[in-house]
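K.L.:
Sending over a structure as structure tokens; questions will come in a sec.
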Amino acid sequence: HLLQSINRIMAEENTAKSITVRDVKAEEFIAAYAEVLKNNDKFVVPKWADLVKTGVHKELAPYDPDWYFVRAAAIVRKVYLRQGTGVGALKKRFGGNYRRGAAPERHQDAAGGLIRSILITLDDLKITEKTEKGGRRISRIGQQALDLVAGQVARGE
């Protein structure tokens, strides 16, 4: 009888605690969600994606052929963690050091058009939506989808 009640309590605790994006490692979540986006037919990579750099501070375009999906997954995660994040904040987050030869290095923001096009695509997929004050937030459908992927990552699927 005692063993049954302990099992029931354990089962209730497992169902009560749902896994969110915050509960899993960033690297694992981004890799998993990039795979989800890659398998989604509605998430279309623009024709120009293989020609662009991710910012002025970069010398070359990304080597990874799936870099667009990885960047989109990273952007979704950033918006999830901080609702209301706009293109400007994401440009700063994805920017880096601009090496200017003999002159000291400076921070250089990432390419805004790239981030904007990803956010527009995510808006079309109903994963994100615009806020009244500007910026983006995760929609209800998007939050369910992201938490589902986070749960799969936590369980190791």
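K.L.:
With all protein chains present and a 1.4 Å probe, how do 50, 147 order by accessible area, largest first? Write down the numbers at each step before the final one.
P.N.:
Values: 50 115, 147 35 Å².
Largest accessible area first, the residues go 50, 147.
K.L.:
Expressed in nm², what is the orientationally averaged projection area of the convex hull enclosing the Cα positions of the chain?
P.N.:
12.6 nm²
K.L.:
Separate question: Between residue 93 and residue 67, what FRET efficiency follows from the Cβ-Cβ distance if R0 is 22 Å, with the result rounded to 0.05?
P.N.:
Numbers: r = 16 Å, r/R0 = 0.74.
Working from the Cβ atoms, E equals 0.85.
K.L.:
Modelled label-to-label distance, residue 152 and residue 31, 7 Å Cα→beta-carbon offset: nm?
P.N.:
Once both label points are built, they end up 1.5 nm from each other.
K.L.:
Further question: For the charge dipole of the chain, defined by +1 on Lys and Arg C-beta atoms and -1 on Asp and Glu C-beta atoms about the Cα centroid, which residue among 121, 43, 154 has the Cα displaced farthest towards the positive pole?
P.N.:
Selected residue: 121.
K.L.:
Counting only protein heavy atoms, what percent of the accessible surface of segment 51-157 is carbon or sulfur at a 1.4 Å probe? Numbers along the way, then the final one.
P.N.:
Details: 3130 of 6330 Å².
Roughly 49 percent, rounded to a whole number.
K.L.:
Excluding ligands, DNA and RNA, what is the solvent-accessible area per residue of segment 3-157 at a probe of 1.4 Å, expressed in Å²? Walk me through the numbers on the way to the answer.
P.N.:
Values: 10090 Å² over 155 residues.
About 65 Å² of surface per residue is accessible.
K.L.:
A further question on this structure: At 0.36 nm per residue, minus the direct Cα-Cα distance, what do residue 22 and residue 102 gain on full extension? Give it in nm, one decimal, please.
P.N.:
Working: separation 80, 0.36 × 80 = 28.80 nm, distance 4.10 nm.
Gain on extension, residue 22 to residue 102, equals 24.7 nm.
K.L.:
Give me the number: length gained by fully extending residue 125 to residue 44, i.e. 0.36 nm times residue separation minus the C-alpha to C-alpha distance, one decimal in nm. Mind dumping the intermediate values first?
P.N.:
Values: separation 81, 0.36 × 81 = 29.16 nm, distance 1.05 nm.
28.1 nm is the gain from fully extending residue 125 to residue 44.
K.L.:
Leaving out same-chain residues fewer than 8 places away, which lysines sit with a Cα under 16 Å from that of residue 92?
P.N.:
Within reach: 53, 58, 78.
K.L.:
What are the ³J(HN,Hα) couplings of segment 38-55, residue after residue, when phi is run through the Karplus curve with 6.51, -1.76, 1.60 and θ = phi - 60°? Round to Hz, x for glycine and proline.
P.N.:
5, 7, 7, 5, 7, 7, 9, 7, x, 4, 7, 5, 7, 9, 9, 8, 8, x
The values are calculated or read from the model by the stated rules, or taken from the named source; none is laboratory data. Here the structure is a predicted model, which means the values were calculated and not measured. Quick reminder, even Gly has a Cβ in these numbers, built from the backbone with ideal geometry, and neighbours come from all protein chains shown. Ligands, DNA and RNA are excluded from the accessible area calculation, which covers all protein heavy atoms including side chains. Shrake-Rupley method; radii C 1.70, N 1.55, O 1.52, S 1.80 Å.
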